[in-house]
Every structure is written in C-alpha cells, then in structure tokens.
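What follows is a set of notes on a single structure, which appears directly below.
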Amino acid sequence: MRKREQREIIAVNLKDLLKSRKITAKQVAKDLNVSYSTFGDWTRARTLPSPNQLKDVADYFKVSIANLTTLNEDLINPVSDSEVLDSKIRIAVLETSEQFGEETNRTIRWEYIPKFLPGADDSIGIMLNDDSMEPEYHKGDIIIAKKVKYLNTNGDYILESYDGDEWLPSIQFARVINKGGQVIITPLNIDNEKCYVPERLTEEQYLKKYKNKYSIIRLIRDYTK
C-alpha cells in the first residue's frame, strides 16, 4: 500500500473513532503525550504516526493495529483481534507486494486461526507467490508465523528487514541455518520480484539486518486446486 493511501486510511479511521467515542482530538493528543498539531496531521492525512505511536493509538482506543490501517466499515464498534470470535483470532495475510518506484503497493486478506495456538496473538501471515525449489511449499500456501525473539533452532522463518522505511519492511520467507558461527539464509521464493539470493552472515550481521523473526505455527493449503 502506498504511503499516501495509508495516511488517508488512518485519518478516516481516527476521525471515526473520535466521533464514536465522543472524545476530542485535543484530549487524545494530551493522553497520548503528543502535540495537538501532530495528532491533527494524522487526522488530516498529512503525516503517518511511527510504528510505536500507532501501537499507542491502538492500545488507547482498544482496537488492533489492523483496525487502524485497514478500511473497516465496522470501526464504529471496533473489536480487538482477540475478540473477533470467541475461539479464533483474525490474522492479516500479505498476498502481494509490488514496487512502483519508491512506493510499495500491498494487498492483504484475512485468515482466522485458533486462539489456543501458541503465539497466535502476535502473528503475521503471508501467501506464497511461487513454489519453493524443493518444492516443500506450494504457490498459494498461506504461512502463519508467530513472532520470536531469538532463532533457537534451524528451520523456516519469516524475516523482516527495514531499508530506511519503518512502515513497509521487506518480508522474506527463508530457511535459516546456524553453521560454524555463521547464519545461512536460503530464500524459499515468497516473492521472486525481489530477487532474494542466499546469504551467509555473521550472527551480528543477521541480527542487525533482520529486526523481526517469525516461526511457523500453521500452514494453510487449498487441496482443491
């Protein structure tokens, strides 16, 4: 999604929340410890809140970040991800990611996974755009993965890296192996347009480049295709 479109979506959602909660922008800005002009710029689609600020806004209104960043007709009576259904959690799944110059356009869909899955409340999802080379994974597979602090075992992970843009990380699905003090990263073809190539990094380089790591908790495959 392009930044301009993201600004406009957040602005619409913030205005709806202010109206439905019967609270002023001035009061929200004060409670969030940001300037009134800063909050006003968010509601006018002039600027984007930082990721940390966005989380603060979501926590303040008791909604999910997805509620704020996605057009939602039901935002007047919003619910958090854990409240979407009694036994399930709604996960945003990245379907496509296309680059237009300096702008990135993304498409998402929703999937519902059981609450009891460990880490379900801090998960992301991706849809694979191609078969992996083995192929252990198939085009159209949906990978749901939970956020982890450390790479405890060798395996397949979703990795996020930021190239000067905290809003739109590069997302890579890869096999990660620790070997001889180095981390070997082999792409599994989530997004061939990015032309990801195998990497051999020191642990320090790996931790610096890949800020967030996600371990697979569910694979969803349509066997009717």
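Just so you know, all these numbers are worked out from the coordinates, no wet-lab data involved. Given the structure is predicted, the values throughout are model-derived calculations rather than measurements. Using ideal geometry, Cβ is built from the backbone for each residue, glycine included, and neighbour counts are taken over all protein chains shown.
In nm, to one decimal, how far is the modelled label at ILE217 from the one at ASP31, with both set 7 Å along Cα→Cβ?
That separation, rounded to one decimal, is 2.9 nm.
Residue separation times 0.36 nm, minus the C-alpha to C-alpha distance between LYS55 and LYS179: what's the value?
Details: separation 124, 0.36 × 124 = 44.64 nm, distance 3.63 nm.
Net length gain for the segment: 41.0 nm.
Calculate, for LYS147 and THR47, the FRET efficiency according to 1/(1 + (r/R0)^6) with r their C-beta to C-beta distance and R0 45 Å; round to the nearest 0.05.
Details: r = 27 Å, r/R0 = 0.60.
Efficiency at R0 = 45 Å is approximately 0.95.
Between VAL197 and VAL12, what is the FRET efficiency for a Förster distance of 45 Å, r being their Cβ-Cβ separation, to the nearest 0.05?
Values: r = 40 Å, r/R0 = 0.88.
Working from the Cβ atoms, E equals 0.70.
Starting from the amide H of VAL148, placed 1.01 Å from N in the peptide plane, find each other amide H under 5 Å away whose residue is 5 or more places distant or on another chain.
HN-HN under 5 Å from VAL148: LYS213, TYR214, SER215.
Quick check: residue separation of LYS115 and LYS62 times 0.36 nm, minus the Cα distance between them. What number comes out in nm?
Working: separation 53, 0.36 × 53 = 19.08 nm, distance 1.84 nm.
Gain on stretching LYS115 to LYS62: 17.2 nm.
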